[in-house]
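J.: Let me begin by handing over the structure; questions about it come next.
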Amino acid sequence: MSAVLAPQPPSDISPEAMAAAGLRAFARIAEAWGLSVDEQLALLGQPPRSTYFAWRKHPDKASLPRDTLERLSNILGIWKSLQILLPDAAAADAWVRQPNAAAPFGGGSALRRMLAGNVSDLNLVRRYLDGVRGGGWS
């Protein structure tokens, strides 16, 4: 049996271009989820406010740390899973703030878990949603 490899980005796309696309997508997700600036900063790993606003103003010139890129990847994956699971955009966007009795959330919202500050919290929400999409959560 052959191994399944993760898709690789096309080699002609620079890391800076991917970071810029991720920042632009994050801005749209933040608006859809109604995130405050403080919540946006927490999700991105607490960059200095001035750095964050420079990223927003000039995403094409942003040099993002690996941690921030990983956070963006998880957030984009969470958003995508929600769009698939809840085809009504308003319901998908509202889900992150809804109380949730599932084990990873303990009655709190997914957003509360994501705002805990660790990349692992974002990854847990993403894995949960990927598991739900696949018919089970691990």
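The values are calculated or read from the model by the stated rules, or taken from the named source; none is laboratory data. What you see is a predicted model; the values in this text were computed from it and never measured. Cβ atoms come from the backbone with ideal geometry, glycine included; neighbour counts cover every protein chain shown.
J.: For region 10-24, what are the residues that are within 14 Å of the chain's Cα centre (by Cα) and surrounded by fewer than 16 Cβ atoms within 10 Å (Cβ to Cβ)?
T.: Residues satisfying the conditions are A21, R24.
J.: Quick one: would you say A110 is at pLDDT 95 or above and over 12 Å from the mean Cα position of the chain (by Cα)?
T.: For A110, the condition - at pLDDT 95 or above and over 12 Å from the mean Cα position of the chain (by Cα) - is not met.
J.: Need a quick list: helices (runs of 4 or more DSSP H) entirely within region 54-138 having at least 2 residues that are in contact with a Lys or Arg (Cβ under 7 Å, 6 or more places away or on another chain).
T.: 66-85, 119-133
J.: Identify all residues within region 64-101 that are without any contact (Cβ under 8 Å) to a residue 40 or more places away in the chain, surrounded by 12 or more Cβ atoms within 10 Å (Cβ to Cβ) and aliphatic (A, V, I, L, M); write none if there are none.
T.: Scanning region 64-101 gives L86, A91, A92, A94.
J.: Please determine, by comparing only the residues of region 41-63 that are more than 22 Å from L111 (Cα to Cα) and of a type in the set (S, T, N, Q), which one is surrounded by the fewest Cβ atoms within 10 Å (Cβ to Cβ).
T.: S50
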